[in-house]
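J.: Before I ask anything, here is the structure I am working with.
What follows is calculated from the coordinates using simple rules that are stated; it is not laboratory data. Everything quoted here is computed from the prediction, not taken from an experiment. Quick reminder, even Gly has a Cβ in these numbers, built from the backbone with ideal geometry, and neighbours come from all protein chains shown.
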Amino acid sequence: MKISEPKDSLTKSTRAPVSLLATFLLFAALLSSTFTFAQEQSDPRWVTTWSTSPSTLPGEDDPDNNAQEQTLRLIVHSSVGGDSVRIRLSNAHGNEALKIGAASIALQSEGSSIQPGTSKSLQFAGQSSVSIPKGAVVFSDPLNYDLPQMTNLSVSLYLPQDNGFLTAHALSNQTNYMSDGSDQTNSVNLADQTETAAWSLLTAIDVINTNAISAIAVVGDSITDGWGSTASANQRWPDHFARRLFTESNARKFAVVNAGISGNRVTSQGNSLFGQNLQARFERDVLALSNVTHMVLMEGINDIGMSPNGGLITAAEVIAGYRQIIARAHAAGIKVIGATLTPYEGAAYFTPEGELVRQEINAFIRGGGEFDGVIDFEKAVQDPANLKRILPEFTADNLHPNDAGYAAMANIVELDLFD
């Protein structure tokens, strides 16, 4: 009996240090992994290559636009490329926690099809699924991926359960797809698909680009959103502008990201499809994006045409909103380029009194000295025979430009504004 006691004592005395060592090594490994993950997410080279702003707001009488056992396939268009990628998913307007069962990114082939061999699954903190709390945003883990510039991408999301109201950009001017049933995030062809105009849940795609590229955020309403251009053809004025930046040899390269919402206003909000007013959404839709150094602000025509409370808004009210945006952007080190409001005589909500407000706002943009630069979009599309109207060949509804009108807007931009 006495012989075994020292052996047991020795065993016990050696177990404790071994256990402590194993715990320490496990903790060190976890700490190293966490540190590496944090380093990757905070890499200063991240830049947003594509973004969209959530617009849908749940109304008192609106049914949930919920999805259950569905794969969403969202088609977006990159500006700059990179060799690492991450996506952002938002539950900003949701009414409950939202479960993502799987997610992937691929290069689009045509329609809902993806190019074989290009699909890669995305993870969230090392897991293939993630729960997004009500009101929250999540980043996917950095993924090594050769993402080309100026290319259509496909982001697929599998929603395994009822998620309540889906945060979305309702009027994307892009055909997207959904399919009921099991997870199809990595399928080349989406079975039993239906079409949707909404970009649901996805709000941004970031890349790491080794060339120290920064982003220009273009902020506005339906004219920035591209309403009136050919659907699924990337003919919005920011798309034309991005192509200029990548094709003109003397131009500095930037990512161009779109923070336009159709129907949006600077000072107030109405229809649940038109999103929060610009001052309310500015932090989320511009300041939170990666490596934004410049922004173009063109918004205010809906403040005039859809003035609240049955009256006509004053230019001073819109200008006060501009000043708040300028101050907040400057505090974040972002230069703000003001863009004049385009003519709208002949539009459904045109009034002569509203036209005077538009002209007063444009006079401030041009001569107020508070913007870091000016783009004169009014002159780009104005009819010389009637300065209150857009050229007939540039519009179909006297408010929104068409493809040619949007190209004219992009072509008038002086690129040295962004030097």
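J.: Out of these labelled values of Kirkwood radius over Cα pairs in Å, (1) 25.1; (2) 21.8; (3) 23.0, which was calculated from the coordinates shown here?
T.: Entry (3).
J.: Given H placed 1.01 Å from N in the peptide plane, which residues other than close sequence neighbours of residue 49 have an amide H under 5 Å from its amide H?
T.: Residues meeting the criterion, in which the H sits 1.01 Å from N, are 205, 206, 207.
J.: List the residues, sorted by chain then number, that are 5 or more residues from residue 227 or on another chain and whose placed amide H is less than 5 Å from its amide H.
T.: The list, which skips near neighbours in sequence, is empty: none.
J.: Rounded to the nearest 500, what is the chain's calculated 222 nm mean residue ellipticity when only DSSP H runs of at least 4 contribute -39500 (n - 2.57) each, over all residues?
T.: -8500 deg cm²/dmol
J.: D for the range 214-418, whole µm²/s, Stokes-Einstein with Kirkwood Rh over alpha-carbon pairs at 37 °C and 0.692 mPa s: what number?
T.: Details: Rh = 16.9 Å.
The estimated diffusion coefficient comes to 195 µm²/s.
J.: Which value, in debye to the nearest 20, describes the size of the charge dipole of the range 297-419 about its Cα centre when Lys and Arg Cβ atoms bear +1, Asp and Glu Cβ atoms bear -1, and nothing else is charged?
T.: Numbers: 8 positive and 18 negative charges, 49 e Å.
Dipole size: approximately 240 debye.
J.: Let me ask something else. At 20 Å minimum axial length over the Cα atoms and a Kyte-Doolittle cut of 0.0, report the qualifying DSSP H helices in the chain, or say none.
T.: On the way: long enough: 4-41 (55 Å, 0.26); 315-331 (24 Å, 0.45); 352-367 (23 Å, -0.46).
Qualifying helices: 4-41, 315-331.
J.: If neighbour count is taken as other Cβ atoms inside 10 Å, put 306, 295 in order from fewest to most. Let's see the in-between values first.
T.: Details: 306 16, 295 26.
Taking fewest neighbouring Cβ atoms as first place, the list is 306, 295.
J.: Add +1 for every Lys or Arg and -1 for every Asp or Glu among the other residues with Cβ under 12 Å from the Cβ of residue 400, and state the total. Can you show the working numbers first?
T.: Working: positive: 236; negative: 221, 225, 397, 403.
The answer is -3.
J.: Restricting to DSSP loop positions (anything but H, G, I, E, B) with no more than 13 other Cβ atoms inside 10 Å of their own Cβ, which chymotrypsin sites (Phe, Trp or Tyr not before Pro) remain in the range 251-348? Display every interim value, and only then the final one.
T.: Working: sites: 254, 274, 282, 322, 344; in loops: 254, 274, 344.
Listed in order of number, the matching sites amount to none.
J.: A further question on this structure: Modelling each spin label as a point 7 Å along the Cα-to-Cβ direction, I'd like the residue 287/residue 180 distance in nm, to one decimal.
T.: Taking the simple label geometry, residue 287 and residue 180 are separated by 4.4 nm.
J.: Taking θ as phi - 60°, what are the ³J(HN,Hα) couplings along the range 81-91 by the Karplus curve (6.51, -1.76, 1.60), each to the nearest whole Hz, with x for Gly and Pro?
T.: Working through the residues one at a time gives x, x, 10, 9, 9, 8, 10, 10, 10, 10, 10 Hz.
J.: Given the range 214-418, what percent of its DSSP beta bridges are antiparallel, to the nearest 5? Mind showing how you got there, number by number?
T.: Working: 3 of 22 bridges.
Of those bridges, close to 15 percent are antiparallel.
J.: Further question: So, counting K/R as plus one and D/E as minus one, what does the shell of residues with Cβ under 14 Å around residue 174 add up to?
T.: Within the 14 Å Cβ shell, the charges total -2.
J.: While we're on this one: Pop out the ³J(HN,Hα) list for the range 133-149 in order, Karplus 6.51 cos²θ - 1.76 cosθ + 1.60 with θ = phi - 60°, rounded to Hz; leave Gly and Pro as x.
T.: My calculation for the range 133-149 gives x, 3, x, 9, 10, 10, 9, 6, 5, x, 10, 5, 7, 7, 9, x, 7 Hz in order.
J.: If exposed means no more than 12 neighbouring beta carbons inside 10 Å and the site is in a DSSP loop, what's the longest run of the chain without any exposed trypsin sites (Lys or Arg not before Pro)?
T.: Details: sites that count: 2, 252.
My reading of the result: 3-251 is the longest stretch.
J.: Right, another one. Tell me which residues come under 5 Å, amide H to amide H, from residue 149 once H is placed; ignore anything under 5 positions away on its chain.
T.: For residue 149, the qualifying residues are 81.
J.: Which longest uninterrupted range of the chain lacks any GluC sites (Glu not before Pro) assigned by DSSP to a loop state (not H, G, I, E or B) and surrounded by at most 15 other Cβ atoms within 10 Å?
T.: Counting only loop sites that pass the neighbour cut-off, the longest clear stretch is 111-247.
J.: Apply the Karplus curve 6.51 cos²θ - 1.76 cosθ + 1.60, θ = phi - 60°, to the phi angles in the range 182-190 and return the couplings in whole Hz, x for Gly and Pro.
T.: 6, 4, 10, 4, 9, 6, 5, 10, 8
J.: Looking at the chain, what % of its DSSP beta bridges pair antiparallel, to the nearest 5? Intermediate values should be presented prior to the final figure.
T.: Details: 51 of 70 bridges.
Antiparallel bridges make up about 75 percent of those DSSP assigns within the chain.
J.: So, one more: What does the charge add up to near residue 144, with Lys and Arg as +1, Asp and Glu as -1, over the other residues with Cβ less than 15 Å from its Cβ? The partial results should precede the final answer.
T.: Details: positive: 45, 86, 120; negative: 40, 43, 83, 141, 146, 206.
Here the count lands on -3.
J.: Something else about it: Taking the Cα centre as origin and putting +1 on Lys and Arg beta-carbons and -1 on Asp and Glu beta-carbons, what dipole magnitude results for the chain, to the nearest 20 debye? Write out the running numbers ahead of the final one.
T.: Numbers: 27 positive and 44 negative charges, 320 e Å.
In debye, rounded to 20, the chain gives about 1540.
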